[in-house]
1. Which number in (1) modelled with pLDDT under 95; (2) part of a helix (DSSP H, G or I) marks the one condition that A243 misses?
2. Can you tell me which condition F193 does not meet? The list is (1) under 20 Å from P139 (Cα atoms); (2) assigned to a loop (DSSP other than H, G, I, E, B), and all the others hold.
3. Output the residue which, of all residues in the range 235-263 that are under 22 Å from A72 (Cα atoms) and of a type in the set (S, T, N, Q), is surrounded by the most Cβ atoms within 10 Å (Cβ to Cβ).
4. Could you grab me the full set of residues in the range 172-191 that are modelled with pLDDT of 95 or more and among the aliphatic types (A, V, I, L, M)?
5. Go over the candidates F86, F104 one by one and state the one that is aromatic (F, W, Y), touching a residue at least 24 places away in the same chain (Cβ under 8 Å), within 24 Å of V219 (Cα to Cα) and open to solvent by 30 Å² or more (accessible area, probe 1.4 Å).
6. Out of curiosity, is V148 open to solvent by less than 40 Å² (accessible area, probe 1.4 Å) and touching a residue at least 12 places away in the same chain (Cβ under 8 Å)?
7. Those residues that are open to solvent by 20 Å² or more (accessible area, probe 1.4 Å) and touching a residue at least 12 places away in the same chain (Cβ under 8 Å), I need them from the range 210-225; list them, please.
Amino acid sequence: MLRSLWTSASGMIAQQTHLDVVTHNLANVNTQGYKKRRADFNDLMYQIYREPGAPIEGGSVVPTGVQVGLGAIVTATPSFMVQGNFQITDGPLDWAIVDDNGYFQVTMQDGNIGYTRGGSWQIDDQGQIVNEDGLLLEPAITIPENAVSVQLSPTGVVSVRIADEIELQEVGQLELARFVNPSGLRAVGDRLFVQTPSSGEPITGAPGEDGMPQVRQNVIEMSNVQVVEEMVEMIVAQRAYEANSKGIQTADDLLRIANGLKR
């Protein structure tokens, strides 16, 4: 059987995964805080017919050899933690992190800490700040029921104005997390990430201190997906898929010719 059949098949499978990544990016073009992903490829093992550097007659060596590759595979889909565009809102609980490497922390349903760039918060029936899925902000911050406004400073101090009072009352301190390798975080859906051995342990702290980014109120961070770039990637994936399918068709034609030599 011709090797090119399986080589082209591996290329088609790899380009299908490439297209899956691109379409996932496009599906999340309006998802707050979403970070685009890219498909990275590796070539597969090689079949060596003539070893490079093998000695030949006359005391010389083979300069390049004969090495035939066996296709490609997708080996990684890293996230691009580049900041997305900001959108100004009128929501006092719409917060944004003004740098690439920084995450809000929430307590997930299993008790573990999740990390997110989504900064659209709500207040539950207990007055606690939660995300749209009801997950508590970590560390927890409670807004008094008689508060008439909420203020967030660039350094993460959360204050409220109580009815009939002039002075603001501080009710909590926002804490962010960052990672040595944010691309190593594992995405679990709902705009949440969890730490892995690849990401390293979280480094936590108040915004604006010890290398932590500051935060802004009345702003949300949108997806960093660029539609034009993803459309170009889709065309590349489509053409590469088509070219690999032509390789299978050509290999099939060669086999048909070989089978027709003896009639």
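1. So A243 meets the others, but not (1).
2. Every condition holds for F193 apart from (2).
3. Taking the range 235-263 first, the residues under 22 Å from A72 (Cα atoms) are 235-252.
Now narrow it down to the ones that are of a type in the set (S, T, N, Q): 238, 244-245, 249-250.
On the way: Q238: 14, N244: 22, S245: 15, Q249: 11, T250: 14.
Across the range 235-263, the extreme among qualifying residues is N244.
4. Within the range 172-191, L174, L176, A177 qualify.
5. Working: F104 fails: open to solvent by 30 Å² or more (accessible area, probe 1.4 Å).
Result of the check over F86, F104: F86.
6. Working: open to solvent by less than 40 Å² (accessible area, probe 1.4 Å): no; touching a residue at least 12 places away in the same chain (Cβ under 8 Å): yes.
So V148 does not fit the description; no.
7. Here is the first cut: in the range 210-225, the ones open to solvent by 20 Å² or more (accessible area, probe 1.4 Å) are 210-211, 214, 216-218, 222.
The answer is G211, Q214, R216, Q217, N218, M222.
Quick grid of which residues meet (1) among the polar types (S, T, N, Q); (2) at pLDDT below 95; (3) under 29 Å from the mean Cα position of the chain (by Cα):
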site	(1), (2), (3)
G118	no, yes, yes
G127	no, yes, no
V130	no, no, yes
D133	no, yes, yes
L137	no, no, yes
P144	no, yes, no
A147	no, yes, no
V158	no, no, no
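The values are calculated or read from the model by the stated rules, or taken from the named source; none is laboratory data. Since the model is a prediction, treat every value here as computed from it, not as a measurement. Using ideal geometry, Cβ is built from the backbone for each residue, glycine included, and neighbour counts are taken over all protein chains shown. Just the protein is used for accessible areas: all its heavy atoms, side chains included, with ligands, DNA and RNA removed. Shrake-Rupley method; radii C 1.70, N 1.55, O 1.52, S 1.80 Å.
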